[in-house]
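Some notes on the structure that comes next.
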Amino acid sequence: MTAQVDPVGRLPEEWRETMRELGEKPFRAEQIFRWIHERGVLDPEQMTDLAKPLRERLKADGFAPPAKIAEVHAAADGTRKLVLELAHGARVECVIIPMTDLAGADADASAAPEDDEDDRDEGAPEKSRITLCVSTQYGCAMGCVFCASGQAGLQRGLTASEIVAQVLISKTQLTPQEELKNLVFMGMGEPLHHYDETARAIRLLTHPAARGMSARRITVSTVGLVPGIARLGADFGGKVGLAVSLHAPNDVIRDRIMPMNRKFPIVELMRALREYPLPQRRRITIEYTLMAGVNDGESEARELVQLLRGLRVKVNLIPMNPISASELKAPSGARVAAFQRVLSEAGVTCFVRTRRGDEVSAACGQLAIADDLVRKKRERDALREKT
């Protein structure tokens, strides 16, 4: 069989090659692909229109669910954090986020396009819309000081099948009144640091053979990996939404809180954003975590206005969510309001992200199996200092 790609991560043409190797008819490939990606079935035994010998052969060759739910943590606001145990080791987190009436002013809905109303079915009953936040790595190599995953360090990247499985499994947790509307690659890890598997996952999730999601319903977040931004734009024609974790208006601050800025400074990042093939009526999302005494002053707000001038963007201000690995804190409400006022008065579309799911550590920057990973990272750092 086509062993180099995990079964859940195979595209239809790869399944056709697998069927050829097994002496099966080519149409079986489309059947299997639809079972996985349209119906969310990850166990060959449940693919009832396949002959039993084929189902047994698929299982014998390693076709099994890439992940299973280990824990579900529900917050009072309806946010649900799923901890998934992966078949090949590691535990990752993804988050189901209800899009409230405030979603238009909420970064949790940052994947929603500006023409969101255009594709609603007027005859269908209204469902509660859901945004799903998925992870692409176990831990993260970027080292951002305000992020639990970044402080934990990178353990490994996820395969496309492990990324897709988060979506398929999360759908089983939705109620009949809920509908998955938007998908954001904003969980653990840096998606563009793990580009090939991220791109394959997007192709699987949007594939027409399984009535996949529209690419414009997907947003990929990055700390600013310039080559990855260029590849994403070229490979998907700008249809996939782009969110940039900026968090500072100049290199002095950004170097201190986001080590990757030393490799791709702000001037290069801004050039990449201007070259991104952004469709009409779409905007790049700028994520800006406000940290007390670090980047939250009105002078920084004015710098940010100048930096973003000429770009089609919306800015999501995120008062820092607490993490155990950092003593940094959110600024006062008054400073957040003052920062927002500077941007708004300059004509920059700007929202303050409402806190969602922070009591179950599901809020922005909190995703990580943090305590164990951070402890291990500190032990490694201490050993490195001794030697």
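Scan ARG216, ARG281, ARG203 and give me the residue that is in the same structural domain as TYR138 (by TED's automatic domain parsing) and over 17 Å from the mean Cα position of the chain (by Cα). On inspection, the qualifying residue turns out to be ARG281. Determine, yes or no, whether ASP119 is surrounded by fewer than 16 Cβ atoms within 10 Å (Cβ to Cβ) and modelled with pLDDT under 80. Taking the combined requirement at face value, the residue satisfies it.
The number of residues in the stretch 14-42 being part of a loop (DSSP other than H, G, I, E, B) and closer than 20 Å to ALA209 by Cβ comes to 8. Look at (1) in contact (Cβ under 8 Å) with a residue 40 or more places away in the chain; (2) buried (at least 24 other Cβ atoms within 10 Å of the Cβ) and you find that GLN155 fails only one, number (2). Criterion first (under 25 Å from GLY143 (Cβ atoms), in the same structural domain as MET258 (by TED's automatic domain parsing) and surrounded by fewer than 20 Cβ atoms within 10 Å (Cβ to Cβ)) does GLU327 satisfy it? Spelling it out, GLU327 is indeed under 25 Å from GLY143 (Cβ atoms), in the same structural domain as MET258 (by TED's automatic domain parsing) and surrounded by fewer than 20 Cβ atoms within 10 Å (Cβ to Cβ).
Identify, please: which residue in the stretch 91-108 is modelled with pLDDT under 85 and more than 19 Å from SER245 (Cβ to Cβ) and is, among those, surrounded by the fewest Cβ atoms within 10 Å (Cβ to Cβ)? Restricting to residues being modelled with pLDDT under 85 and more than 19 Å from SER245 (Cβ to Cβ), the top hit is ASP101. Hey, any hits in the stretch 297-320 for a residue that's surrounded by 19 or more Cβ atoms within 10 Å (Cβ to Cβ), modelled with pLDDT of 95 or more, of a type outside the set (A, V, I, L, M, F, W, C) and in a loop (DSSP other than H, G, I, E, B)? No, the conditions are met nowhere in the stretch 297-320.
Residue-by-condition table, conditions (1) hydrophobic (A, V, I, L, M, F, W, C); (2) within 30 Å of TRP35 (Cβ to Cβ); (3) surrounded by 16 or more Cβ atoms within 10 Å (Cβ to Cβ):
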residue: ASP196; (1), (2), (3): no, yes, no
residue: ARG216; (1), (2), (3): no, yes, yes
residue: GLY228; (1), (2), (3): no, no, yes
residue: LEU232; (1), (2), (3): yes, yes, yes
residue: PRO249; (1), (2), (3): no, no, yes
residue: LYS263; (1), (2), (3): no, no, no
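The values are calculated or read from the model by the stated rules, or taken from the named source; none is laboratory data. Computed from a prediction, not measured in an experiment: that's the story for all the values here. All Cβ positions, even for glycine, are placed from backbone atoms using ideal geometry, and neighbour counts span all protein chains on display.
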